[in-house]
Every structure is written in C-alpha cells, then in structure tokens.
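Peer 1: So that we are looking at the same thing, I have put the structure below in structure tokens.
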Amino acid sequence: MAVQRLSVDRVASAKRAYTTRRVNPEAMSTLITDPTHAPTSGDLVLARIDELGKQRRIELTTGRRAHLFPGDEVIVCYGNRYAPDQFEAEIGEDLSSCDLVAAGGIASCELSRNERMIPSTRISPIGLIGDTKGKRLNLKDFAVQASGPVAPMKVVLSLGTSMNAGKTFTSTSLVRGLKASGIRVAAIKATGTGAGNDLWIVRDAGADVVLDFTDGGLASTYLIPLEEIIGSTNRLIRSAAQQGCEVAVVEVADGLQHLETSEVVQAQDLWSDCVGVVFAAYDSMGAKCGVDMLRAAGHRVFAISGRLTQSPLMVREAERSTGVRVYTPWEIQDGALTPLIMNSAVVDKDLEARGTRTHLAKRGDDLPSDAYRIRVMVDEPTFRPLVAKPAHEGDVCELLKTLAEKVMTLEITNICGAKVRERCPSRTNHRSGYRRRYWDTGMGRIELNVPRIRKGTYHPEFLHSITIPRGDLALLVGQAVALDATPFDLARLLDRIGVTQLPPDSVLALSMEVKQKAQQVGLLRLRRKPTLLVNQEDPHSLPYRRTIKDEYGMIGGYGGDTDEMDPFVRVETMPINRNRGTSGLG
C-alpha cells in the first residue's frame, strides 16, 4: 500500500467540504495513493478539480460556498447519490477519475441525471486521507456518540411525496412554530446526501440543536444498509434528547416511493417516540396516495403541507380526498400545529387495530423493478372528508357562545391563578358558581353563564363592548375559521368584540379549538373572501381591497429578494434544451 505524508500546509490550502466538517484537520496526516484501493462510503479523499460542470462551487465546512477552479484541490467524501431532480451516482471500484456529484462534497461516478442538469464536475482523486498510521479516515470514526439514559422527547416526522415537495421548508416552519411557544427544538435530517443547505435554514429558524446523518457518520445514506441508517438516526435523536430538547423534527429525504425512504418509514422501532407526521406533497394526488400509505404503515398524519399549498384548488382537493387539514407554511410558522403536537401521545403502531393491512413487496418478489411496492388495503375508512355548509345565524351564535365561554375560562384562570380544582401555591382566588347574563351581538342575543369569584367581581369586557354590525361580524367569524386562517385572524375577531388581554399562546390554542367547533357545526369554510375596506374620509366611495404589500407584507423574508425565489426549492437548474438527447448523458 502506497502511503505518503500529507503536510499541514496542503490540508490548509485545500477546500474542505461540508461533509468533512466533523473531522479535525489535525487528524489528516497521510495520503493513501494506491490507485487500486477500493473506496467505501464515508472515506475522505483529496481530489483535484479537472473540469467544471454543474458544481461550480463547493460548500465549505463553514457553510460558505467557495468558487471552484480547474486545478483546485478539495477534500471531500466518497458516497452514493440518489436525487431524482439531479443525479444518480455510485462509488467506483478504485481511485480513478470520478465526479463531484454534490456541492456538499460527495465524490462518486455519475450514472444518470435529470434532463435539466448539465454533467457533474469532473475530479481526479489524488489519494485517500489517512491518520498517522496510514489508516484511512472515515466519517464513522467521528460520529456523534450518545449513550446512557435520556429524557422522553416527542418526535415529529417531516415526509414528502418526492424531492422538492417542500419537506425542508415544512420542517423549518415547524421549528419556527414550536420556538414561538418557547419549546426547545431539535431539527434532524435522517437521510439524504451530505449538504448544509437544509441545516443552515433550520438553524436560522431557531432550532436549538441541528444534526444530520453526516453527524451520525454517513456521507450519504443511499445504498447504506438499513441497520446503519437506524443506528445513525437513533444516535442523533438521543443526542438531541441529552441536550434537553423537548421535540425533534426529523426529516426523511426523497419520497415514499424511494426504497430507502420506504424502509426507514416502516422501521417501527425507530419511531417509538413519534407522535405524528406532517406530509409535504407536490399535488393533491400525491397527498392522497402518501396519506393512505402512511396510515397503512401505522403513522398518524397531523397535517398536509408543501408545494400544493400554493394552489387553493389543490388544497381543496387534498382535504376532500384525505380528510386531513392542509396548512400553509405561514400557518405552521404561526404555531397552528404546536398545540396538536404538544398534546399528542405516541402513536400505537398496531396496524390491525387501525383496520388497515400493508404488504411490503421485497426486492426478491416478482416485480417489474427492484423497488418496494406498498399495497395498501383499507378495510374501513377511518376518516371523513370535510364538508362545508352555508352559514346560519344559529350556527354562528353557537360558535360565538363557545368562544365566549373559553375566553371567560381563560380569564378566570388568570384571575384565580389556577385551573378548576387545581391546588397550587399560585392560587389567589376561587370560583363561586355562575350568573346568567346576555350578550348582544350583531347575530342576535346569546345567553351566557358568567363565572363568579369569591373575592371581588368579574365582568367580561366583551359584554359591554359596542355591538358589531351583522355583516362585519359574519366576515370576521368566517375569516377566523377559514381553512387558511391563522391565529392572527382570531386575534382580530377577539379585538373587535372587546377581548384584548389574552396572551399569544392562549390565542394560538383557542384558534385550534374554535376551528374544531366550526367543523362540528359545519362552519369550516373552504376559503376566505377578500376583505373590503371603506374609505373613512369618503363613506360614499366604493369599498376597496388592500394592496398585496399591505395585505401580506414580506412573506417569510422572501418578498424583499431581488431575484425570484421559490421558498420550497433551492435547486439550481438549467432550462430544458430540446436538442439534447433524452438519456441525459449526452
């Protein structure tokens, strides 16, 4: 075996890729240059840039994307790649010329590519990097170690129909929503190809702990045995729990039809602490198929999100066909799913109890290809699609009565310093029955049971507020219970009826309860109507709508960018060249 010394200066001058960030440069001491040496996934390699292709920049260990030039030396990792929107690649048999198939630092041999992709950047491996004894360095040697007991931690899965369905943006939104409630959150990516894009965005979103499979010792998870992926993911989850996280948002790359994703999702022992799934879909058909598959695998689907939320029509189709609520990323960032996640228990994965059966067709079965086929047979439907009916005054009054009762309960709890029958040092008062009062609204008079307290008196502010005109009240209620409503819509309603003292977390929880009540009475609206404003200086002028900027502001931080950007996709692509061959290799 040909081994030579690797100088400190040469290591320092080479561009070290993101995938190698856990490896201390001081450990890089030798260079194994035998060209017949067979590389394995995770091996570190010093390579030279021969010809620039798709990857014109390399993501450094710091996250900066450095420009590449022919002749540059880079330190990357060997790994396989599976990316339907980009490349398929596998590790070669020796140290001969290969490709840089991912800007995060993955060396492999390109097998196929998406029609929109130009060829990968060509590289020549100079040698595998070893320690002082000439033993090759592999990411597994630097993986996160997590042993010993850990506190229970809720796990929420972020899955999707395919690459670029919106999984990472959904994970980011979940992190934002949970952090807004003061919850300590971990963001974990369990599978994929080594790159920092997804980690940087969830870190920017406020995640307390950010880990991916490279921290677990894997440069890429494609063609890695399932046992190793499970071991890596378990270590990452345990590491997050040891660091005091209450919730882990775990993303699994690619779609449910990918063999690796199917295996990971079906690994029930891995998800023993999973409370549910948020499923990102590209379209309504994918949402329907994905939700059915996940239910058959024993998972609870909290919500649907992803690219389809850009189309109100697809949102309607998905909700009608699956019976699952579709949430936009902005709603999730506002915390719409936080109460559901925090109040959920671990899912019972007993498939027979759920009335479903699932058959996994293995690689060896008689199938037209070697992919998993998941056949879902639902014995009895376990859900009902949402059905909206025209609003009646009685239904609106019933909803307002429920809202008023819950507001009074929250206010009395705050006044007494404790919940009903709760014994605690913070208690300063006690409840003392009820008295009947009437609330005059634009929809009619509502009879309420107003709580009484032993010390002092309690008078709800909204009973003495100015009556809102019927049309305005109907509009506010409709906006607060619409499928695309956020807690801010409920806050507007509360403010108009005279409730101004509730904290944001109470409004968030109340928003979910009000929507559930609206669904029960049939008021859940499929969409919101635009808000029309009246010029106060000229009451006779026609009503008008707010400008887009005033209505939506700088959505998610993307509105101020000079370049057009889709928040769901960060993949650079080329326009299709109709003159190119259909193989993608020419």
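The values are calculated or read from the model by the stated rules, or taken from the named source; none is laboratory data. Just so we're clear, the structure is a prediction, and the values are computed from it rather than from any experiment. Note: ideal-geometry Cβ built from the backbone for every residue, glycine included; neighbour counts use all protein chains shown. SASA here: full protein model, heavy atoms, side chains in, ligands and nucleic acids out. Shrake-Rupley method; radii C 1.70, N 1.55, O 1.52, S 1.80 Å.
Peer 1: How large a share of the accessible area of the range 1-126, in percent, is made up of carbon and sulfur atoms when the probe is 1.4 Å and the other protein chains stay in place?
Peer 2: Reported share for carbon and sulfur atoms: 47 percent.
Peer 1: Still on this structure, I have one more. Only Cα pairs under 8 Å and at least 6 apart count here; give the relative contact order of the range 1-51 as a rounded whole percent.
Peer 2: 50
Peer 1: About the Cα centre of the range 76-213, how large is the charge dipole given +1 on each Lys and Arg Cβ and -1 on each Asp and Glu Cβ? Please answer in debye to the nearest 20.
Peer 2: 560
Peer 1: Using a 1.4 Å probe, how large is the accessible area of Y18, given in Å² and rounded to the nearest 10?
Peer 2: 0
Peer 1: A further question on this structure: As an exercise, identify the trypsin sites (Lys or Arg not before Pro) in the range 3-76 lying in DSSP coil whose Cβ has no more than 12 other Cβ atoms within 10 Å.
Peer 2: Passing both the DSSP loop test and the Cβ count: R64.
Peer 1: Considering only protein heavy atoms, with the full assembly of protein chains and a 1.4 angstrom probe, order R116, R454 by accessible area, largest first.
Peer 2: So the residues, ranked largest to smallest area, are R454, R116.
Peer 1: For G63, what charge total do you get from the other residues with a beta carbon under 10 Å from its beta carbon, if Lys and Arg give +1 and Asp and Glu give -1?
Peer 2: The answer is +3.
Peer 1: Just want to confirm a number: the relative contact order over the range 176-245, from Cα pairs under 8 angstrom separated by 6+ residues, in percent.
Peer 2: After rounding, I find 35 percent.
Peer 1: Counting only protein heavy atoms and a 1.4 Å probe, tell me what percentage of the range 390-519's accessible area is made up of carbon and sulfur.
Peer 2: 50
Peer 1: Of K54/K135; K189/K419; K54/K133; K167/K419; K288/K517, which ones are farther than 29 Å apart at the Cα?
Peer 2: As for pairs spanning more than 29 Å Cα to Cα, those are K54/K135; K189/K419; K54/K133; K167/K419.
Peer 1: Leaving out ligands, DNA and RNA but keeping every protein chain, what accessible area does H67 have, in Å² rounded to the nearest 10, with a 1.4 Å probe?
Peer 2: Counting only protein heavy atoms, H67 exposes about 100 Å² to solvent.
Peer 1: Ordering I304, I230 by accessible area with a probe of 1.4 Å, largest first, what comes out?
Peer 2: Heavy-atom accessible area, descending, gives I230, I304.
Peer 1: Defining a contact as two alpha carbons under 8 Å apart and six or more residues distant in sequence, what relative contact order in percent does the range 98-163 show?
Peer 2: Result for the range 98-163 is 21 percent.
Peer 1: Leaving out ligands, DNA and RNA, what percent of the accessible area of the range 129-173 is carbon and sulfur, probe 1.4 Å?
Peer 2: Here carbon and sulfur together make up 56 percent of the probe-accessible area.
Peer 1: Counting Lys and Arg as +1 and Asp and Glu as -1, each charge on the Cβ, what is the dipole of the range 63-118 about the Cα centre in debye, to the nearest 20?
Peer 2: The calculation lands at about 360 debye.
Peer 1: Over the range 198-242, give the accessible area per residue in Å² for a 1.4 Å probe, as an integer.
Peer 2: It amounts to 32 Å² per residue over the range 198-242.
Peer 1: Same structure again: Accessible area of T62, 1.4 Å probe, to the nearest 10 Å²?
Peer 2: Only protein atoms counted, so the area is about 110 Å².
Peer 1: Here's something else I'd like to know. Per residue, how much accessible area does the range 67-193 have with a 1.4 Å probe, in Å²?
Peer 2: I get 34 Å² per residue for this part.
Peer 1: Taking only protein heavy atoms and a 1.4 Å probe, what accessible area per residue, in Å², does the range 398-483 have with all protein chains in place?
Peer 2: Dividing the accessible area of the range 398-483 by its residue count gives 58 Å².
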